[in-house]
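Here is the structure we will look at.
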Amino acid sequence: MIAMEEVKEKLAGKGKKIIFFLGVLGIILIFLSSMLPKSAEKSEVKDNISAEEYCLMLEKKVEAIVVGITGDKKVSAMVTLDTGSQYVYADEGRQTVTEKGNDTEQSYTIIKSSGGGENGLLVTEYMPTVRGVAVVCNITGADMEERIRAALMAALDIQNKKIYVTGYTY
């Protein structure tokens, strides 16, 4: 019985040492993390993408859809857009009625950035609409072309006449 009590005391002593060691290690890691150089201050996050970036993103998605349908890895797609992005800002529209008629005054809600600049409060951004799509891929039949057209009509919400699908010419 004496041996069991000695073992328990030794384990209890070692457990306290391990907990103490882990605590000291944690404090050292916290201290070291404060010494590491901090990354540059977060600049304003660019949520807006340009029309060109949007167009490239759509082209990659169209190519992925066509690859999924045809299995052809050499798909090429081109997407054209009608307009650039359109932005809607929060306004504080006021309307007053005078003897001469209605006067409308419109002012926008302005927010200040951390850099000191001022911008309007963006409420909504409308992405450009797709004008048309051209796809070049390996077509094995009219059925495949129709499946590609149907997928692009659904994915891009455009009419059939705005989609051109053709096979390779060698």
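Could you tally the net charge around R131, taking each other residue with its Cβ under 11 Å from the Cβ of R131, Lys/Arg +1 and Asp/Glu -1?
0
Sort 125-137, 22-34 for me by packing, meaning the mean count of neighbouring Cβ atoms within 10 Å per residue, highest on top.
125-137, 22-34
Each value in this text was obtained by applying a stated rule to the coordinates, not by laboratory testing. Treat the numbers as computed from the prediction; the structure is a model and nothing was measured. No Cβ is skipped: glycine too gets one built from the backbone with ideal geometry, and neighbour counts run over all protein chains shown.
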